[in-house]
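Values in this text are rule-based calculations from the coordinates and carry no lab data. What you see is a predicted model, and the numbers here were worked out from it, not measured in a lab. Glycine gets a Cβ as well: all are built from the backbone with ideal geometry, and neighbour counts include every protein chain shown.
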């Protein structure tokens, strides 16, 4: 079992990107350009490493090799993106890796590209990259191949050595458990459980009772053996259950208007631990959008649009409008799931303004709402 934090440190110690690993400050998968560049690098790394894993490390300042972190990323559809753009797509995974010096809400992203014996190419035009283009790594660059590509690999011995050095051990596991407990206050009730005599899972969350139901907020769940954060939520309410082989997380979101709010199930994540030293994660989308009064929604939508327009024109907001702005992420979400398809784009226009607010919780709510919108869109 590989300790992913140690693996990232070993990769970064190489300083320069090369033909088996790349590093990025962030991923921008919301834009055509961002998607295309990500797919290009996956294609190039796959073709350069047919016999071993290759990696992309996210959250590193390229020039100084400084670890700055990114937000927790739980998009289970990232494989679908690769499949949609590539012929002979490799299997990939995205993991969120905790680093002690980063803020609680930041992680380092690790993309693993698994070995693929087939030549990978673009199945369609991606941004400025033409259909059928084959990319290959030359040093730290992902470049198009002019002639026929014959897959060869000289990286296998060095990658195997790096992965062997990153193998987990008892000391790293114990230190990881103690670190998790020390990072979470008593009110978040940190706990651990061992699965299949091999996997150590730690979780923490602030417990509350709502109509006799037990929920947790500010939930943090880590697989200590691999130093991978499996789940993180600032605001969503979560139910947790487990048995001897599975750990189950069910997310809920609180929605409503006119002070009538209700919890709605969003998604269920099931982590299955197996006796052969492996685990897999399955997700089930549960959300059925609640329907609200159309007249009330039109009023909310128009009021929100008026706020956005004022912000774009840099017109000062009144005290009441500033109060309304604090509710804008959730109210736009309600509009979006009720058929106001442009609500998501309207919300993105005020990102910079919301991020500058003194009340930081509004920006956290903003990011959570965009995450929910992305899940609804994909499903």
Residue check for residue 151: assigned to a loop (DSSP other than H, G, I, E, B), more than 20 Å from residue 28 (Cβ to Cβ), touching a helix residue (DSSP H, G or I) at 6+ places or on another chain (Cβ under 9 Å) and in contact (Cβ under 8 Å) with a residue 60 or more places away in the chain: yes
Residues of region 92-117 classified as touching a strand residue (DSSP E or B) at 6+ places or on another chain (Cβ under 8 Å) and either free of Cβ contacts under 8 Å to residues at least 24 places away in the same chain or exposed (fewer than 14 other Cβ atoms within 10 Å of the Cβ) (or both), total: 5
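In region 236-249, what residues are part of a loop (DSSP other than H, G, I, E, B) and touching a strand residue (DSSP E or B) at 6+ places or on another chain (Cβ under 7 Å)? Give the steps one after another, and end with the answer.
We begin by selecting, within region 236-249, every residue part of a loop (DSSP other than H, G, I, E, B); these are 236, 243-245.
Across region 236-249, the qualifying residues are 236, 245.
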Test: residue in region 73-88 that is in contact with a strand residue (DSSP E or B) (Cβ under 6 Å, 6 or more places away or on another chain), under 30 Å from residue 229 (Cβ atoms), assigned to a strand (DSSP E or B) and touching a residue at least 24 places away in the same chain (Cβ under 8 Å): no
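Quick check: anything in region 169-178 closer than 25 Å to residue 24 by Cα and either within 25 Å of the chain's Cα centre (by Cα) or part of a loop (DSSP other than H, G, I, E, B) (or both)?
Checked region 169-178: no residue is closer than 25 Å to residue 24 by Cα and either within 25 Å of the chain's Cα centre (by Cα) or part of a loop (DSSP other than H, G, I, E, B) (or both).
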Residue within region 253-266 that is in a helix (DSSP H, G or I), in contact (Cβ under 8 Å) with a residue 12 or more places away in the chain, surrounded by 14 or more Cβ atoms within 10 Å (Cβ to Cβ) and touching a helix residue (DSSP H, G or I) at 6+ places or on another chain (Cβ under 7 Å) present: no
Residue list for region 7-37, filter: in a helix (DSSP H, G or I) and in contact with a strand residue (DSSP E or B) (Cβ under 8 Å, 6 or more places away or on another chain): 7, 8, 11, 12, 32, 35, 36
